[in-house]
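The values are calculated or read from the model by the stated rules, or taken from the named source; none is laboratory data. Computed from a predicted model, the values in this text were never measured in an experiment. Glycine gets a Cβ as well: all are built from the backbone with ideal geometry, and neighbour counts include every protein chain shown.
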């Protein structure tokens, strides 16, 4: 009787194939604040047995101050310059799963570098999901406005046409985190191992 792979064994094989196909490239998560880039990134890195790097944490370490303090002291343009340098360094460091800040992918230089050194995944979330996740946090400089919900709507409108350039799109929604990670794994495997590069993979939109 022929042997059949267990679901766990099949998943492990899929993850090993992804890691092999990545080579020296990283997986970079992009999208709005509150989309779950850090939460999903940590779990995805564990599945792929790759380091997890949070660009915002690396920026704070390099600057010696928090991101809100960088914004307040030096302004957003200074922050964006430092962000681009940090992400370039992380991409040069070899394969990893990297979570980026919401505005990082908007910079053409950074997008180009991600395109050549990584596979990008856009975690797409609607405004209601984002507001639900970020409303209790005070460390979002761009939301220190009189109408945070309107600000989120404006940022989504500005950024989504650029986020759409990511290699893969995954809907971030209120389901168990591992379901989103499973969809990332499936999409990465299709992208890297089955040459599904003609159009962006989109998963989770109807579930």
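Of all residues in region 18-33, those that are modelled with pLDDT of 95 or more and under 12 Å from residue 105 (Cβ atoms) total 4.
Annotation: of all residues in region 104-115 being surrounded by 20 or more Cβ atoms within 10 Å (Cβ to Cβ) and out of contact with any strand residue (DSSP E or B) (no Cβ under 6 Å at 6 or more places or on another chain), the one that is nearest to residue 37 (Cα to Cα) is 104. Would you call residue 121 touching a residue at least 60 places away in the same chain (Cβ under 8 Å) and within 17 Å of the chain's Cα centre (by Cα)? Considered against the rule, which asks whether it is touching a residue at least 60 places away in the same chain (Cβ under 8 Å) and within 17 Å of the chain's Cα centre (by Cα), residue 121 comes out as yes. For region 1-114, the helices (runs of 4 or more DSSP H) that sit wholly inside it and include 3 or more residues that are farther than 24 Å from residue 133 by Cβ, touching a residue at least 40 places away in the same chain (Cβ under 8 Å) and more than 17 Å from the chain's Cα centre (by Cα) are 7-22. Only a single criterion out of (1) surrounded by fewer than 19 Cβ atoms within 10 Å (Cβ to Cβ); (2) within 24 Å of residue 188 (Cβ to Cβ) is not satisfied by residue 84, namely (2).
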